[in-house]
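Bear in mind these aren't lab numbers, they're just calculated from the coordinates by the rules spelled out. Just so you know, these numbers come straight off a predicted model, no measurement behind them. Cβ: placed from backbone, ideal geometry, glycine included. Neighbour counts: every protein chain shown.
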Amino acid sequence: MGTLDGKVAIITGGGSGIGFAIAERFAREGAQVVLAGRRPQRLEEAAAKIGRGARGVPTDVGDEAQVKRLMDSVPQVDLLVTCAGGAVFGPVEDVPTEAWSDMFKSRLFGQLSAVRYAVPKMAPGSSIVLCSGVAGRSALTQYAGGAALCGGINAMGASLAVELAPKGIRVNVLSPGLTRDTAIDWGIPPEKLGAFMDGLVDRIPLRRSGTVHDMADAAFFLSTNAYATGQVLDIDGGWTAV
Ligand SMILES: NC(=O)c1ccc[n+]([C@@H]2O[C@H](COP(=O)([O-])OP(=O)(O)OC[C@H]3O[C@@H](n4cnc5c(N)ncnc54)[C@H](OP(=O)(O)O)[C@@H]3O)[C@@H](O)[C@H]2O)c1
């Protein structure tokens with residue numbers, strides 16, 4: 001018997017990295033997981049690796065009609081985790097505003113529309129875990145739009161938690177710190193990536209990056225603790241404590 005037996009879990013961004021680790025963990029606990037991402041082959045491979053009836057639904061979360069179709073593909077949603085999205089880095093005078101805007105479209109509005117179409121399918125006791133990032137609480141240079149986005153997700157989580165509490169739906173935010181072994185494209189030239197990463201690790205009290213399993217543990221906790229709602233959980237090696 002698993003803790004999540006009989007539960008349907010939708011994991012956006014579940015084809016790789018943090019989302020994949022969460023999907024794998026939920027499936028091991030008995031959930032029927034549905035992975036959403038843009039690349040069908042990535043989803044197929046991820047679902048095959050997870051097994052246990054996992055399946056992928058190709059979805060661009062920046063397209064509301066596709067998000068609706070994703071939610072229409074399941075009879076109910078017990079657990080929603082929204083990890084889809086990427087990052088854009090660069091000096092504020094160089095990054096085109098449109099690049100930040102595209103990031104908001106998938107990573108902020110993508111999470112909002114996932115919630116919008118999942119809520120009608122959620123019974124009391126269901127859980128939503130949004131995904132922000134360390135930049136929402138701690139200044140990260142060359143990431144102005146990302147900082148705004150992460151702070152926005154943290155605020156959105158609190159607002160949704162209060163709004164959805166009368167329906168018995170809990171909403172929390174997982175805020176990852178630097179997490180290794182994911183497919184994320186930092187948008188940094190390869191020759192500069194090492195120094196960039198070293199600079200980030202220098203800011204972390206534990207002096208190392210986290211793993212996708214650290215993030216999956218946190219998502220599992222937020223999804224199953226029946227009294228946790230309206231929280232932002234920083235899993236960042238102490239970065240935001242400094
Ligand atoms: N890694 C870190 O250090 C870190 C730190 C803080 C926050 N985060 C955030 O955590 C989340 C997961 O990141 P990760 O590191 O695990 O990276 P990842 O391995 O690249 O995972 C992101 C997933 O999102 C999917 N995706 C991207 N845009 C999408 C869209 N428009 N529609 C649907 N799916 C989309 C990608 O698949 P497709 O390309 O196939 O769509 C990919 O599978 C991201 O939001 C990231 O910004 C990461």
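All conditions in (1) touching a residue at least 12 places away in the same chain (Cβ under 8 Å); (2) within 18 Å of the chain's Cα centre (by Cα); (3) assigned to a helix (DSSP H, G or I) hold for Gln66, with the sole exception of (1).
Within the range 161-220, the residues that satisfy the criterion of being β-branched (Val, Ile, Thr), touching a Ser or Thr at 6+ places or on another chain (Cβ under 7 Å) and not in a loop (DSSP other than H, G, I, E, B) are Val171, Val173, Thr179, Val201, Val212. With the requirement that a residue be within 17 Å of the chain's Cα centre (by Cα), within 15 Å of the ligand (Cβ to nearest atom) and crowded, with 17+ Cβ neighbours inside 10 Å, what does the range 72-104 give you? Scanning the range 72-104 gives Leu80, Val81, Thr82, Cys83, Ala84, Gly85, Ala87, Val88, Met103, Phe104.
Conditions (1) in contact with a Gly (Cβ under 6 Å, 6 or more places away or on another chain); (2) part of a loop (DSSP other than H, G, I, E, B), marked per residue:
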residue	(1), (2)
Arg42	yes, no
Leu70	no, no
Val77	no, yes
Leu80	no, no
Gly90	no, yes
Asp94	no, yes
Glu98	no, no
Asp102	no, no
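Within the range 44-63, the residues that satisfy the criterion of being over 19 Å from Gly86 (Cα atoms) and in a helix (DSSP H, G or I) are Glu44, Glu45, Ala47, Ala48, Lys49, Ile50. Within the range 4-56, being of a type in the set (Val, Ile, Thr) and under 16 Å from Ala218 (Cα atoms) holds for Ile11, Ile18, Ile22.
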